[in-house]
Amino acid sequence: MDQKQQVIIGLTGGIATGKSTVSNYLQEKYLIPILDADLIAKNAVVINSPIFNDIVDRYGKNILLNNGSLNREKLGNIIFNNKTEKLWLENKIHPFVKEYLKNKIKDLSNPIIVLSIPLLFEAKMTNLVNNIWVVTCDFYTQIDRLKNRNNLTEEEAISRINSQMSLKEKVKKADIVINNNENLQDLYKQIDLIMLRD
């Protein structure tokens, strides 16, 4: 595969559907570079970055932990319960993430690159990729995973799931759908079959 045919996969799905498990496997087994939008977004809000300062200006020092960094849990509670605030924050972070990804893609000559972007559709970043993979699972599995992972109540988990575009909509826009309802072996097998096919 020459450089002109570089495959740029946009890996997305719903919250707690297993995107990280898929990207870790692709990285470990197939040595594919993964650019993780969540990690880039964290870099956008390091202490004293412009976006960090904007957040503190908006919500006050109460939004900080004792060490001066952002209290992500507090910020999450604000934005998951208020669409206006969510939009305000996304309008700060999404352009930063998009710009970073664009520059990073230019630096990589690998035949396949994976951009792990939970909000691929919502943040309008589909133009960065030429292949879309959606990791999905059923609603109750998603709730259970999210409750266990983030120590949330059922109500909080459902609220976070509902704050994103529905999985059904994402699946409709996918080139490849990976169903993560079963165990890890099943998930890895699906990925291996996809990689063989490509």
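FYI, it's all coordinate maths here, none of it is from the lab. As the structure is a prediction and not an experimental result, all values here were calculated from the model. Don't worry about glycine lacking a Cβ; one is built from the backbone with ideal geometry, like all the others, and counts go over all protein chains shown.
Data for the structure
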| item | result |
| --- | --- |
| Estimated FRET transfer efficiency when R0 is 22 angstrom, pair Met195-Leu108 (beta carbons, to 0.05) | 0.75 |
| Segments 11-21, 112-122 sorted - mean Cβ within 10 Å per residue, highest first | 11-21, 112-122 |
| Length released on extending from Ile158 to Leu87, taking residue separation times 0.36 nm less the Cα-Cα span | 23.6 nm |
| The chain: antiparallel DSSP beta bridges as a percent of all, rounded to 5 | 5 |
| Virtual spin-label span in nm between Asn151 and Asn43, 7 Å along Cα→Cβ | 2.9 |
| Amide H contacts of Leu11 (H built 1.01 Å from N, under 5 Å, at least 5 apart or other chain) | Leu115, Ser116, Ile117, Trp133 |
| Relative contact order (percent, whole number), the chain, Cα cutoff 8 Å, 6+ residue spacing | 37 |
| Order by protection proxy (mean Cβ within 10 Å, highest first), peptides 133-143, 156-166, 182-192 | 133-143, 156-166, 182-192 |
| Label-point gap, in nm, between Ile78 and Glu28 - each point 7 angstrom along Cα→Cβ | 3.7 |
| Integer Hz, Karplus 6.51/-1.76/1.60 couplings in order for the range 20-37, x for Gly and Pro | 5, 4, 5, 5, 4, 5, 4, 6, 6, 7, 10, 6, 8, x, 10, 9, 9, 4 |
| Positive-end residue of Asn62, Val22, Leu152, charge dipole of the chain with Cβ unit charges | Asn62 |
| The range 99-181: relative contact order in percent, alpha carbon pairs under 8 Å with at least 6 residues between | 41 |
| Angle in degrees between helix 50-59 and the longest Cα principal axis of the chain, rounded to the nearest 10 | 50 |
| Acute angle (nearest 10 degrees) that the helix 83-107 long axis makes with the longest principal axis of the chain, alpha-carbon atoms | 40 |
| For the chain, size of Cβ-based charge dipole, Lys and Arg +1, Asp and Glu -1, in debye | 380 |
| Theoretical FRET efficiency, 1/(1+(r/R0)^6), r = Cβ-Cβ of Glu169 and Asn127, R0 22 Å, to 0.05 | 0.75 |
| Sequence ranges 167-174, 99-106, ranked by mean other-Cβ count within 10 angstrom, highest first | 167-174, 99-106 |
| The range 1-83, relative contact order in percent, only Cα pairs under 8 angstrom and at least six apart counted | 13 |
